[in-house]
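One structure is given below, encoded as structure tokens.
The values are calculated or read from the model by the stated rules, or taken from the named source; none is laboratory data. Computed from a predicted model, the values in this text were never measured in an experiment. Cβ placement follows ideal geometry from the backbone for every residue including glycine, while neighbour counts extend to all protein chains displayed.
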Amino acid sequence: MTKEWFEAEIARFPICEYAWLSVEDVPFLEQVRYICRTECPRYGTSWSCPPAVGTVEECRERCWKYKDVFLFTTMEEVTDISDMEETLRTRIAHEEITRKVGGILRKECGEVLILSTESCANCPECTYPKAACRYPEIMFPCIESYGILVTELAEKCGISFMSGGNIVTWFSLMFTTLPTE
Ligand code: SF4
């Protein structure tokens, strides 16, 4: 698989922007984990969030098994961005695109570590911590849960995310190793 082939393949999805990075370009920050711990109500409630995902160092090591990173965004307009219910509903389409794009990468490259936006919402009630995750193949940990500040990463590669008004931007991040061309 070449990058060009993959980019042509995903052109059918409503992806706004994307970028390829090296794993060395991704910063893993303890400060992001601190925000999860102190400010996020999802902390300790899902397999897709800390502490279930492991320490930031463990997350970094998991990502560093791969060489290449694919970052992409989708955008959606809502009537009122402060309406969390409406805003979060638009995430369903982003997750579906993430599943499909990740599926193509997995078919071509084998192992792919997929991170997406927000805590996993596949089940009405998460099994954490009593039983194993029901759908590990489609459980994409939250990008921030790995200590990654995605907006900083987006800035680095010139991807826009402050569109203003009632535009919501969703991110996904995929770690893999592309076949050598
Ligand atoms: S797939 Fe279900 S069990 Fe697994 S993290 Fe998501 S909500 Fe929890």
Which listed residue is of a type outside the set (A, V, I, L, M), within 16 Å of the ligand (Cβ to nearest atom) and crowded, with 16+ Cβ neighbours inside 10 Å, from T117, T127: T117
Is there a residue being at pLDDT below 95 and part of a helix (DSSP H, G or I) anywhere in region 65-85? yes
Give the residue, chosen from I167, I159, that is of a type outside the set (F, W, Y), more than 28 Å from T55 (Cβ to Cβ) and more than 15 Å from the ligand (Cβ to nearest atom). I167
Out of all the residues in region 134-145, is one or more charged (D, E, K, R), within 13 Å of the ligand (Cβ to nearest atom), in a helix (DSSP H, G or I) and farther than 21 Å from V56 by Cα? yes
List the number of the failed condition for L88; all other conditions in (1) in contact with an Asp or Glu (Cβ under 8 Å, 6 or more places away or on another chain); (2) outside any strand (DSSP E or B); (3) surrounded by 15 or more Cβ atoms within 10 Å (Cβ to Cβ) hold. (3)
Go through (1) under 25 Å from I35 (Cβ atoms); (2) polar (S, T, N, Q); (3) away from the ligand (no atom under 16 Å from the Cβ) and name the single condition T98 misses. (3)
Sole exception among (1) farther than 14 Å from T74 by Cα; (2) part of a loop (DSSP other than H, G, I, E, B); (3) more than 15 Å from the chain's Cα centre (by Cα) for E155, by number: (2)
From the option list S119, S48, single residue qualifying as closer than 15 Å to I138 by Cα, touching a Cys at 6+ places or on another chain (Cβ under 7 Å) and at pLDDT below 95 is S119
Of the numbered conditions (1) in a loop (DSSP other than H, G, I, E, B); (2) out of contact with any Pro (no Cβ under 7 Å at 6 or more places or on another chain); (3) not aliphatic (A, V, I, L, M), T38 fails exactly one; give the number of that condition. (1)
Somewhere in region 54-61, is a residue among the aliphatic types (A, V, I, L, M) and crowded, with 20+ Cβ neighbours inside 10 Å? yes
Pull out all pairs, ordered by first then second residue, where Cβ-Cβ is under 8 Å, the residues are six or more apart or on different chains, the first lies in region 74-85 and is aliphatic (A, V, I, L, M), and the second is exposed (fewer than 10 other Cβ atoms within 10 Å of the Cβ). I81/G165
